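The numbers here are math on the coordinates, done by the rules we state, and not lab data. Keep in mind that what you see is a predicted model, and the values were worked out from it rather than measured. Here the Cβ positions follow ideal geometry from the backbone for every residue, glycine too, while neighbour counts run over all protein chains shown.
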Amino acid sequence: MTNPLAPDSLAGRVAVVTGSSRGIGADTAKYLAAAGAAVVINYRNKEARALKVVGEIEAAGGRAIAVGADLTDAASVAAMFEAAETAFGHVDLLVLNASGGMETGMGEDYAMRLNRDAQLNVVEQALPHLGAGSRIVFVTSHQAHFIRTTPTMPEYEPVALSKRAGEDALREKLPEYEAAGVEFVVVSGDMIEGTITATLLERANPGAIALRKEEAGKLFNVAEFAAEVALAAVDPIPAEHTRYVGDVSGFSPATLD
Ligand SMILES: NC(=O)c1ccc[n+]([C@@H]2O[C@H](COP(=O)([O-])OP(=O)(O)OC[C@H]3O[C@@H](n4cnc5c(N)ncnc54)[C@H](OP(=O)(O)O)[C@@H]3O)[C@@H](O)[C@H]2O)c1
């Protein structure tokens, strides 16, 4: 997949991409870096993978650092922003990509703690760093965005509810963002082929991916969806602050009330 962003279009910008040691976050970070942004590659515990992403960015002539921070740990989030400031001087793009909740052994409320409470805390800690002209991009799935009106697979429901709760909590702060000159956009995508989440859901619901693909006509892969997330960092803010990626015709509307 070629970079959707023009070379040097993000020169001088500094991005923090949460959960960018792999998958959609890693590809997004690489697109941003190739367009000239200095990027913080955040990981929870996969340091080697994060360092590999940094190495790839540097080999391509870009700038990046890897910073470990469990987003459910407020102190490590604060340290992540300090590390970004120390390395690059400022932060003006925050991509809230990290997500979870299907892991075992993390406690019953883990999905809510990560996908709602931690997202809100990351934004609250980011705001003092983000000057006018900065942007926050929140990444979610159609299955979460539309969960109030369109049911999803039972295995994904707690994640969907928690991600929608996180989206709502972040939207409530829109007046605060506007007052600070900070823009906000949600990127909502259908199931992404080749991801761990899609693989887990397919295992529990054999045929689910093929069925969704048939209904939607096409499912995006990781690189294609990451390209949309990267574009959301620069394109004009869409209606209702929501960028839909792929088909939404199977989902009932009226969720933004
Ligand atoms: N997968 C899909 O089908 C799909 C569809 C539409 C939208 N999306 C959205 O796209 C985004 C990325 O999805 P993905 O499938 O690429 O995710 P993923 O493969 O599960 O990767 C999640 C990333 O988040 C990090 N992470 C998890 N818990 C964390 C924590 N407590 N603190 C810090 N980082 C943490 C992981 O870091 P470690 O590797 O270090 O654990 C990893 O880098 C999510 O917001 C998701 O909702 C996904």
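Between Glu103, Glu224, Glu47, the Gaussian network model of the chain with springs among Cα atoms under 10 angstrom shows the greatest mean-square fluctuation at Glu103.
In a reduced charge model with +1 at each Lys and Arg Cβ and -1 at each Asp and Glu Cβ, the chain shows a dipole moment near 440 debye about its Cα centre. Residues whose amide H falls under 5 Å from that of Asn42, counting only those 5 or more places apart or on a different chain, are Val17, Gly19, Ser20, Val67, with hydrogens built in the peptide plane. The residues packed around Thr199, meaning those with a beta-carbon under 15 Å from its beta-carbon, carry a net charge of 0 if Lys and Arg are +1 and Asp and Glu are -1. For region 102-107, backbone phi angles converted through the Karplus equation (6.51, -1.76, 1.60; θ = phi - 60°) give residue-by-residue couplings of 9, 5, 9, x, 9, x Hz, Gly and Pro being listed as x.
Backbone amide hydrogens, once placed in the peptide plane, bring Val187 within less than 5 Å of Phe138, Val139, Thr140, Arg243, excluding anything fewer than 5 places away on its chain.
For Ala64, the amide hydrogen comes within under 5 Å of the amide hydrogens of Val39, counting only partners 5 or more places away or on other chains and with H modelled in the peptide plane.
Look at the dipole of the chain built from charges on Cβ: of Gly105, Ala208, Gly61, the Cα furthest out on the positive end belongs to Gly61.
Using the Cβ-Cβ distance between Glu240 and Arg203 with R0 = 41 Å, the FRET efficiency computed as 1/(1 + (r/R0)^6) comes to roughly 0.75. Between Arg148 and Leu51, the C-beta separation translates, for a Förster distance of 51 Å, into a calculated FRET efficiency of about 0.80.
Using the Karplus relation 6.51 cos²θ - 1.76 cosθ + 1.60 with θ = phi - 60°, the per-residue 3J(HN,Hα) values for region 199-205 come to 5, 5, 5, 5, 5, 7, 9 Hz, with x marking Gly and Pro. Near Gly89, once Lys and Arg are set to +1 and Asp and Glu to -1 for all other residues with Cβ below 15 Å from its Cβ, the sum equals -1.
Between Ser21, Ser99, Ser76, the GNM of the chain built on Cα springs shorter than 10 angstrom shows Ser76 fluctuating the most. Of all lysines in the structure, the ones whose alpha carbon falls short of 25 Å from that of Lys218, not counting any fewer than 8 places away in one chain, are Lys30, Lys163.
Remark: the Glu157-Arg171 segment gains 3.0 nm on full extension, using 0.36 nm per residue and subtracting the alpha carbon distance. Per-residue Karplus couplings for region 171-178, computed as 6.51 cos²θ - 1.76 cosθ + 1.60 with θ equal to phi - 60°, are listed in order as 5, 4, 8, 3, x, 5, 4, 4 Hz, Gly and Pro entered as x. Full extension of the chain between Glu214 and Ser76 yields a length gain of 45.4 nm, computed as 0.36 nm times the residue separation minus the alpha carbon distance.
Around the Cα centre of region 78-176, unit charges on the Cβ atoms of Lys, Arg, Asp and Glu (plus for the first two, minus for the last two) sum to a dipole of about 300 debye.
Remark: spin-label model distance Thr104-Thr86 equals 3.8 nm, labels positioned 7 Å along the Cα→Cβ axis.
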